[in-house]
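Below is one structure, written out as structure tokens; comments come after it.
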Amino acid sequence: METIGPGRLEAFSDGVFAIAATLLILEVGVDTSRGNLGSQLAHIWPAYLAYVTTFLIIGIIWINHHHCVSLIGRVDRPFLFVNLLLLLTVSFMPFPTKLVAQYLQKPDEREAVIAYATTMTVMAIIYNVWWRYARTNRRLIADSVPDSALAAVDRAFNPGVALYALTLGVAFVSPLASVSITLAIAVFYLPSAALFERKS
């Protein structure tokens, strides 16, 4: 099977992460026709919440992606395809983020947050598939990487799908609580992401 180095994969991925993170801010805006600027800045707090939450998640995905790629010695075509699926999900994130910004605390908030939580859950599933494909039997892992480094990544990835699935379940009951839990998950993953970055 044809294999290539991970450099081009990481460079392309970095570009997608940067664009997705930048697009998020476009969903933060005010409509002064509905009141003065001060009141509108306070009124759009769901947009701030959605922006900060998704920006942190994309940032953590990027940091962890960088660390995991540093453990990979080669990539193959199936891995490139799974990486594209991951980037497809990341680049889609600004859309459900916009829905949360527009509809949270409004009549259609449940549908908006369900779309948001579903996107995050799909992202977590694909990200786990991405890592497990590279890691299983050290398929794509560089020979010099110790098993302890792989186990550390495993521990970081293991709770992801269950946590985001929890936010999806909560979205049916309390949309605001679901988004708040999603933010808490991002905060939960920040220390491990920072640790990975220092080690890479």
Fill in: Lone unmet requirement of (1) in a helix (DSSP H, G or I); (2) in contact (Cβ under 8 Å) with a residue 24 or more places away in the chain for R135
(2)
Discussion item. Looking for something touching a residue at least 40 places away in the same chain (Cβ under 8 Å), in a helix (DSSP H, G or I) and exposed (fewer than 15 other Cβ atoms within 10 Å of the Cβ) - is there at least one such residue anywhere in the range 113-126?
Written reply: no
Worksheet item: Looking only at the range 136-145, which residues are surrounded by fewer than 10 Cβ atoms within 10 Å (Cβ to Cβ) and not acidic (D, E)?
Response: N137, S144
Item to complete: For A193, state whether it is assigned to a helix (DSSP H, G or I), modelled with pLDDT under 90 and either out of contact with any Ser or Thr (no Cβ under 8 Å at 6 or more places or on another chain) or of a type in the set (A, V, I, L, M, F, W, C) (or both).
Response: yes
Worksheet entry | Long-range neighbours under 8 Å by Cβ, at least six apart or interchain, first residue without any contact (Cβ under 8 Å) to a residue 40 or more places away in the chain within the range 48-69, second of a type outside the set (F, W, Y) and not in a helix (DSSP H, G or I) | Y48/V28
Worksheet item: Given the conditions (1) touching a residue at least 24 places away in the same chain (Cβ under 8 Å); (2) in a helix (DSSP H, G or I), and given that V145 satisfies all but one, which numbered condition is not satisfied?
Response: (2)
Worksheet, complete the sentence: Residues of the range 155-183 being part of a loop (DSSP other than H, G, I, E, B) and within 26 Å of R135 (Cβ to Cβ), in sequence order, are N158, P159
Worksheet item: Quick one: G15 ticks every box in (1) among the small types (G, A, S); (2) at pLDDT 95 or above; (3) in a loop (DSSP other than H, G, I, E, B) bar one, so which box is it?
Response: (3)
Worksheet item: Across the range 123-177, what is the total count of residues that are in contact with a helix residue (DSSP H, G or I) (Cβ under 7 Å, 6 or more places away or on another chain), within 21 Å of I60 (Cα to Cα) and not aliphatic (A, V, I, L, M)?
Response: 10
Practice prompt. May I ask you to verify whether A101 is part of a helix (DSSP H, G or I), within 15 Å of the chain's Cα centre (by Cα) and more than 18 Å from G15 (Cβ to Cβ)?
Written response: no
Fill in: Test result for S91, of a type in the set (G, A, S), surrounded by fewer than 18 Cβ atoms within 10 Å (Cβ to Cβ), outside any loop (DSSP other than H, G, I, E, B) and modelled with pLDDT of 95 or more
yes
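Tell me whether the range 100-108 contains one or more residues that are of a type in the set (D, E, K, R), out of contact with any Asp or Glu (no Cβ under 6 Å at 6 or more places or on another chain) and within 28 Å of V28 (Cβ to Cβ).
Of the range 100-108, the ones of a type in the set (D, E, K, R) are 106, 108.
Narrowing further to those that are out of contact with any Asp or Glu (no Cβ under 6 Å at 6 or more places or on another chain): 106, 108.
Those left that are additionally within 28 Å of V28 (Cβ to Cβ): 106, 108.
Scanning the range 100-108 turns up at least one residue that is of a type in the set (D, E, K, R), out of contact with any Asp or Glu (no Cβ under 6 Å at 6 or more places or on another chain) and within 28 Å of V28 (Cβ to Cβ).
The values are calculated or read from the model by the stated rules, or taken from the named source; none is laboratory data. Every value quoted in this text rests on a predicted model; they were computed, and no experiment measured them. Ideal geometry is used to build each Cβ from the backbone, glycine not excepted, and the neighbour counts take in all protein chains shown.
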